[in-house]
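Contents: one structure, followed by commentary.
The values are calculated or read from the model by the stated rules, or taken from the named source; none is laboratory data. Just so you know, these numbers come straight off a predicted model, no measurement behind them. A quick note on method: Cβ atoms are made from the backbone with ideal geometry, for glycine too, and the neighbour counts reach across all protein chains shown.
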Amino acid sequence: GLELPHCVGANSMGPAVTWRSGGPCKMKRVRTVFKPEQLERLEQEFLKQQYMVGTERVDLAATLHLTETQVKVWFQNRRIKWRKQSMEQKAAKLSQFGVIQPATADSTDIKDREEDTVDVEL
């Protein structure tokens, strides 16, 4: 495979993180590409529970040969996607009945409020 340079942040105490080449440490992390089998298992787990924490996350990461952080971030991103899809479905239902939707927050606002959001069923 390709050898990529490793850069460690000034205040990082952890192991080196792989970064994209292209000059002296651009600080842009290489995007994780999940294998289809990993995605299938992650989706199965998400259907069971939308929050994966503690030993469950550690065990799943080990099973899938991923880091705990990769699993954590995948679940965070999947919850954002799920909420966005839910909002779109609710908006579609409301528009069928002629109900006007208030202006929706953009995705960065949703990301910032992710853990504070409460879902309400219609």
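Here the helices (runs of 4 or more DSSP H) wholly within segment 5-122 that include at least 3 residues being acidic (Asp, Glu) and at pLDDT 95 or above are 36-48. Among residues of segment 48-66 being over 15 Å from the mean Cα position of the chain (by Cα) and hydrophobic (A, V, I, L, M, F, W, C), the one that is farthest from ARG83 (Cα to Cα) is ALA62.
If the condition is being touching a helix residue (DSSP H, G or I) at 6+ places or on another chain (Cβ under 6 Å) and either in contact (Cβ under 8 Å) with a residue 60 or more places away in the chain or charged (D, E, K, R) (or both), then segment 46-71 contributes ARG57, GLU68.
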